[in-house]
Structure formats: C-alpha cells, structure tokens
1. Report the gain in length on full extension from ILE93 to LYS234: 0.36 nm times residue separation, minus Cα-Cα distance, nm rounded to one decimal.
2. Once you list every other residue whose beta carbon is under 11 Å from the beta carbon of ARG91, what net charge do they have if Lys and Arg are +1 and Asp and Glu are -1?
3. Would you tally the net charge around GLN185, using a Cβ to Cβ cut-off of less than 14 Å, leaving GLN185 out, and scoring K and R as +1, D and E as -1?
4. What pairs in LYS113/LYS234; LYS141/LYS177; LYS59/LYS147; LYS71/LYS230; LYS173/LYS234; LYS147/LYS171 have C-alpha atoms more than 28 Å from each other?
5. Quote the convex hull volume per residue of the stretch 124-168, based on C-alpha atoms, as a whole number of Å³.
6. Taking the Cβ of each residue in CYS90, CYS138, CYS160 as the centre, tally the other Cβ atoms inside 10 Å and list the residues starting with the fewest.
7. Roughly speaking, what is the stretch gain from LYS177 to ARG130, that is 0.36 nm per residue apart minus the C-alpha to C-alpha distance, in nm to one decimal?
8. With just the Cα atoms defining each centre, how far is the stretch 102-116 from the stretch 123-196? Give it in Å.
Amino acid sequence: MPKIIFILISITLILCSCSHPGEERYASLTDESKICDEKSYIDIDDIIFLGESTTYHLKSRGVLSGGTETKQVWAPRSGTLMLDSATSECRIIYPETNEELPLIAALQKKRPKYIMLTFGLNGATNFIKRGSDYFKYCYQKLSDEIKGASRDTKIIINSCFPIAADMNMQKYKIDAKTLNAYIDQINIWAKDFAQENGFIYVNTSNTLKNNNGFLDSELQMSDGYHLNTKAYQKILEILRNTEINGE
C-alpha cells in the first residue's frame, strides 16, 4: 500500500510540474493577443492643419483646443492656400509667436506629430485638366518638403470637401454637379497618393453630403462651400475614430 501511494504522489507531482509551462505559455499568448487587439487613434490635439480657407475656418469656428485662439491651424495672412508646385514655399503666420515664417522653418521649429493637408477645391478645374500626374506631383513635392523639414511628422491626406447645389458658380464656368464630380475624382487621386506613400488618408467628404451628393444645406454657410460648426464637429469625430497602425 505505501508503495502504491508513493507512485500516485509521484505521478501527481509530475503532471503538476508539466502543466505550469503550458499555462504560462497560454497566459503569454493571451497577453500578446491583447496587445495585438489594442488600437491606436489620432489625438486631435497633436495635429497641425494646413490647407484652403475651409481648413482655416477650423479656427474661426472654435472647434479645436484653444477655441478661436487655437495654435493648430497654420495659414498665410490671406487664410488660404492652393496646392501647386510652389505650395511648400509659402509663408504662414506661426501661431506661437505670431511671426511670419516660411512653412519649412515653421515645421523645423514645431516638429508636429501630425500635419493634415486638405486641398482640391482651389484649382480643381486645373487639376482635372492637367490630370492625376500633375496633382500627385504637387502633393509629392509638398510632402517631400514636409518630411525633409520634420521627418517624424506623420502626414494625413484629407479628402476635399463637396460643394452645395446653390453655390455661386460664375467663376468656375461649370455647374455645381460637374464641380462635385471633379472633386470626387480629385479625392480618388488623393487616396491613391496617400496609399502610394504610406500616408494616412481620411475621407471626411462623404459625411458632409446629402442624398444627392451635394454639401448638406445644414452643414454649410450661406456661400455653398464654407462649413459651419456642425460640419467641423463631424469632421473631427471622423479623425478621432481614425485608427493608426504602428503607434
């Protein structure tokens, strides 16, 4: 009997000792899977915004940290830019000091975590006329200069915003439906460009459209293309829910 008890105890000890490494491995795998499941998202406060007047109005609508005194919106004195081969040579009002600086110097000074670029409406007909190669060339030149000045800054390419059906189209010599079609095409090019360069692409355009594909009347100012506070809140919500890989 004592011999049988001794054998049973020995077997029990062996089994117990064998189970621990497996349990530790299982726990380790579980921890690793938890890490893999964790998602990172953009912090709005880490973004510098650069673009056309619809970007500058993020400041006047007071939707960012600091309200109308936010330091996250960069623009020249005019409040607007147009994407072309010389955009990187622009001068902006550097919010921290209120001095006028070349964009590249401001980037070297600030070294932001993210910069979001929103272009497309200004010069839309020219982009369509000259094609995707020219549009991507302009974006490439600007992004190369940004990375050269602040290599760790992550670039976010934002879609161009739609226009409303009642926008005054005199200076465009086309109708609103055609211009919106141009914008949709430009946004396809912008998405392709972002993917080709490993940049973040954000589609904020669709959330601003009504069922007919125009800028929703409840989201615009009276001119048919500038956005109101509600529109910017929708845009920022999309940004907050944009997942970032490798953060």
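1. Details: separation 141, 0.36 × 141 = 50.76 nm, distance 2.66 nm.
The ILE93-LYS234 span can extend by a further 48.1 nm.
2. Computed value for this residue: -2.
3. With Lys, Arg at +1 and Asp, Glu at -1, the neighbours total +2.
4. LYS141/LYS177; LYS173/LYS234; LYS147/LYS171
5. Output value, Cα hull per residue: 99 Å³.
6. So the residues, fewest neighbours to most, are CYS90, CYS138, CYS160.
7. That pair, LYS177 and ARG130, stretches by 14.9 nm at full extension.
8. If we compute the Cα centre of each part, the gap is 21 Å.
Rule-based calculations on the coordinates, nothing more; no lab input. What you see is a predicted model; the values in this text were computed from it and never measured. Reconstructed Cβ throughout: ideal geometry from the backbone, glycine too, with neighbour counts over all protein chains shown.
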